[in-house]
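The values are calculated or read from the model by the stated rules, or taken from the named source; none is laboratory data. Everything quoted here is computed from the prediction, not taken from an experiment. Positions of Cβ are backbone-derived with ideal geometry, glycine not excepted, and every protein chain shown enters the neighbour counts. These accessible areas exclude ligands, DNA and RNA; they are computed on the full protein's heavy atoms, side chains included. Shrake-Rupley method; radii C 1.70, N 1.55, O 1.52, S 1.80 Å.
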Amino acid sequence: MPTALTAPAVLRAAVECGAVPSDAVISRSGDARWVARGLAHHAWITRAAGEVLSWGISVGDAEHAAVMEPYGGIAVLVRGDGGAVAWPGGVGAELALVVRGTLGRAAGLVADRVELCALLASLGDVRRDGLRVWLPASNYPARLVKALVLARAAGDLGMEERIIASLHRPPVVLDHGGTLDVLEAARHWAVRFAAVLGAPIPLDEVTGPTAR
């Protein structure tokens with residue numbers, strides 16, 4: 001009986017077929033890390049019950065990855081939005097098809113910092129081409145503050161203006177029926193993020209690019 005594929009073996013196959021960059025660092029636990037276009041990628045796969053391939057990719061700003069790590073970085077999580085994916089039975093065309101259709105497509109979903117910023121500023125999940133960017137409304141204020149930090153770092157005044165407007169929007173209605181005061185919650189997160197970033201994060205006006 002052939003030996004079952006391990007998670008690292010699947011990731012190595014993803015590198016071989018171009019779904020994951022050749023400079024990705026693959027761990028024994030079944031995850032891979034790489035940086036492309038100024039974005040830090042952390043992909044993982046596991047063999048779930050029922051011979052199902054469970055996977056996801058976190059895509060975040062590489063510049064702020066280390067300092068913002070206690071708060072999950074300035075990143076979004078991309079996963080599949082369709083049915084279950086069967087664990088591949090072996091190497092070859094079947095495996096290449098699986099990793100290209102999952103990790104390969106997800107790795108290219110966030111093109112650059114501008115798109116990352118726009119995704120972070122979205123009120124809810126974004127679905128695109130069978131992929132889903134997980135953006136729960138409950139962490140919307142924290143995501144807006146992260147998006148604001150990124151917009152200022154990139155010098156994108158238009159994006160900064162849109163985020164400031166979103167911060168001052170009416171309360172958000174959550175799934176359980178409660179409401180969330182976006183600006184009040186954002187001020188809480190701004191204080192926390194500012195502590196690790198080493199600079200205040202104004203939420204009431206456009207300030208332009210942050211000092212380097």
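Helix 140-154 and the long axis of the chain differ in direction by around 90°, with both axes built from C-alpha atoms. Find out how many positive minus negative residues lie around PRO202, taking Lys and Arg as positive, Asp and Glu as negative, among other residues whose Cβ is under 12 Å from that of PRO202. Residues near PRO202 contribute -1 overall. Largest to smallest in accessible area, the residues ASP181, ASP175, ASP61, ASP125 fall in the order ASP175, ASP181, ASP125, ASP61 (1.4 Å probe, all protein chains included). Note on surface exposure: LEU77, LEU103 rank LEU77, LEU103 by accessible area, highest first, 1.4 Å probe. Our estimate of slack between LEU174 and ALA195, defined as 0.36 nm per intervening residue step minus the Cα-Cα distance, is 4.7 nm.
With every protein chain present, what is the per residue accessible area of the chain (1.4 Å probe, Å²)?
I get 50 Å² per residue for this part.
Compared with the dominant Cα axis of the chain, that is its longest principal axis, helix 182-197 is turned about 70°. Centre-to-centre, using Cα atoms only, segment 1-61 and segment 104-166 are separated by 24 Å.
The GluC sites (Glu not before Pro) of segment 1-77 that DSSP puts in a loop, and whose beta carbon has at most 14 other beta carbons within 10 Å, are GLU51. Oblate is the label for segment 98-139, because the ratio a/c of its alpha-carbon gyration tensor axes (a ≥ b ≥ c) is 1.5 or higher and a/b is not greater than b/c. Residues whose amide H lies under 5 Å from that of VAL85, counting only those 5 or more places away or on a different chain, are LEU53; hydrogens are built 1.01 Å from N in the peptide plane. Of the options (i) 61, 39, 26; (ii) 64, 42, 26; (iii) 71, 36, 33, only one is Cα extents along the principal axes in Å as computed from these coordinates, and that is (ii). Give the shape of segment 16-60 as rounded, prolate or oblate, defined through the alpha-carbon gyration tensor: a ≥ b ≥ c are the square roots of its eigenvalues, a/c under 1.5 means rounded, and otherwise the shape is prolate if a/b is larger than b/c and oblate if not. Because a/c hits 1.5 or more and a/b exceeds b/c, segment 16-60 counts as prolate.
Just to confirm the number: angle between the C-alpha axis of helix 7-16 and the first principal axis of the chain, 0 to 90 degrees, nearest 10? It is inclined by approximately 90 degrees. 3J(HN,Hα) along segment 35-46: 10, 8, 6, x, 10, 8, 10, 10, 9, 9, 9, 9 Hz, from the Karplus curve 6.51 cos²θ - 1.76 cosθ + 1.60 with θ = phi - 60°, whole Hz, x for Gly and Pro.
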